1. Please go through the range 260-301 and pick out each residue that is under 21 Å from Leu133 (Cβ atoms), outside any helix (DSSP H, G or I) and not aromatic (Phe, Trp, Tyr).
2. Within the range 59-90, how many residues are crowded, with 23+ Cβ neighbours inside 10 Å and more than 25 Å from Leu133 (Cβ to Cβ)?
3. Among the residues of the range 237-292, write down those that are of a type in the set (Gly, Ala, Ser) and within 18 Å of the chain's Cα centre (by Cα).
4. Given the range 17-134, what strands (runs of 3 or more DSSP E) lie entirely inside it while holding 1 or more residues that are aliphatic (A, V, I, L, M)?
5. Out of all the residues in the range 1-16, which are assigned to a strand (DSSP E or B) and of a type in the set (Val, Ile, Thr)?
6. Quick one: which residue in Thr34, Thr20 is on the phi < 0 side of the Ramachandran plot, in contact (Cβ under 8 Å) with a residue 40 or more places away in the chain and among the hydroxyl-bearing types (Ser, Thr, Tyr)?
7. Quick check on the range 212-259: of everything there that is part of a loop (DSSP other than H, G, I, E, B) and among the basic types (Lys, Arg), which residue is farthest from His160 (Cα to Cα)?
8. Within the range 66-75, is even one residue at pLDDT below 95, under 21 Å from Gly138 (Cα atoms) and basic (Lys, Arg)?
Amino acid sequence: MALLGGIEAGGTKFVCAVGTGPDDIRATIRIPTTTPEETLAKVVAFFYQQTEQLGTLDAIGIGAFGPVDVREKSSTFGWFLDTPKPAWQQIDNLGVIKRAFNIPERFDTDVNAAALGEHQWGNAQGLETFIYLTVGTGVGGGGMVGGQPIHGLLHPEMGHIVVPHDLSVDPFPGCCPFHKDCLEGLASGVAMEKRWGTKGINLPEDHPAWALEASYLAAGLVNFILILAPERIIMGGGVMEQKQLFPMIRTQVQEKLNGYLRVSQITDSIEDYILPPQLGGKAGILGSFALAKRVLATPGQ
């Protein structure tokens, strides 16, 4: 089997791994996201070391936080763009890896990568159209439509859609530096901490924070359901580890649709329609493996 490298380039850490799939991860490392120069140098050093120990890699897949340039014909393909992450604006991420290793690479957003991981090995197997939403420090979304990762003018920015915000119920203005009260500005882990004065993990299950969180996330999902008609919605990220959220979100999605789209997946078996990733916290790094497998299966695409 092909020996794959994977990079999950996150805003707080880069996770790098070498292996062939979920049951064969031979080496992994977590590198704090500091400066681009320091972080990427450690990434390259890790893969050099693993190449010496395990042999030449056949391909590397990279899933990165955004916004990033995923347009392969663009002069800045593989770059971080105007990301809010300090010091990471206009950084040639992919170029560093390409110059270090003369092997095929595939680059995409971290959420599209996680979606591909779930498609290859997890809860999206056999599906052609689905979304993967991650709710953590930020809110991001990706997925596939017609069997292909969602790309267009750039890439999906599902965390920055506008959702209803009743200031009389929730006076918190939102924390997104660009849009204030977009979905990320109201429902991210950062938003929860700033609104309630503590991290969500410290709040009890019956705290009103969770009903409010479920309401915002359900509003976002209703928009995605109506626009993309996904066959399934997978929700990961640190905030979604609060298991009480899933039944609340499912109920509110049904209430907000109000009988519209009467399909059995929503009316009768919504617990199988909106669900966590089968790969759990490994969805991102395994998604990077899936990206690498994809470039080997479709070279030149």
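The values are calculated or read from the model by the stated rules, or taken from the named source; none is laboratory data. None of the values given here were measured: they were computed from a predicted structure. We place every Cβ from the backbone using ideal geometry, glycine too, and count neighbours over all the protein chains shown.
1. If the condition is that a residue be under 21 Å from Leu133 (Cβ atoms), outside any helix (DSSP H, G or I) and not aromatic (Phe, Trp, Tyr), then Leu261, Val263, Ser269, Ile274, Leu275, Pro276, Pro277, Gln278, Leu279 are the ones that fit.
2. 2
3. The initial filter retains those residues of the range 237-292 that are of a type in the set (Gly, Ala, Ser), namely 237-238, 259, 264, 269, 280-281, 283-284, 287-288, 290, 292.
Once the filter is applied, which keeps residues that are of a type in the set (Gly, Ala, Ser) and within 18 Å of the chain's Cα centre (by Cα), the range 237-292 yields Gly237, Gly238, Gly280, Gly281, Ala283, Gly284, Gly287, Ser288, Ala290, Ala292.
4. Values: elements: 24-32, 59-64, 105-109.
Once the strands (runs of 3 or more DSSP E) in the range 17-134 are filtered for at least 1 residues that are aliphatic (A, V, I, L, M), what remains is 24-32, 59-64.
5. Going through the range 1-16, the residues assigned to a strand (DSSP E or B) turn out to be 4-9, 13-16.
Residues satisfying the conditions are Ile7, Val15.
6. Numbers: Thr34 fails: in contact (Cβ under 8 Å) with a residue 40 or more places away in the chain.
None of the other options fit; the residue is Thr20.
7. Start the filter on the range 212-259 by keeping residues that are part of a loop (DSSP other than H, G, I, E, B), which leaves 229-232, 237-238, 242-244, 258-259.
Of the ones still in play, those that are also among the basic types (Lys, Arg) are 232, 243.
Details: Arg232: 21, Lys243: 24 Å.
Within the range 212-259, the match that is farthest from His160 (Cα to Cα) is Lys243.
8. No, the range 66-75 contains no residue that is at pLDDT below 95, under 21 Å from Gly138 (Cα atoms) and basic (Lys, Arg).
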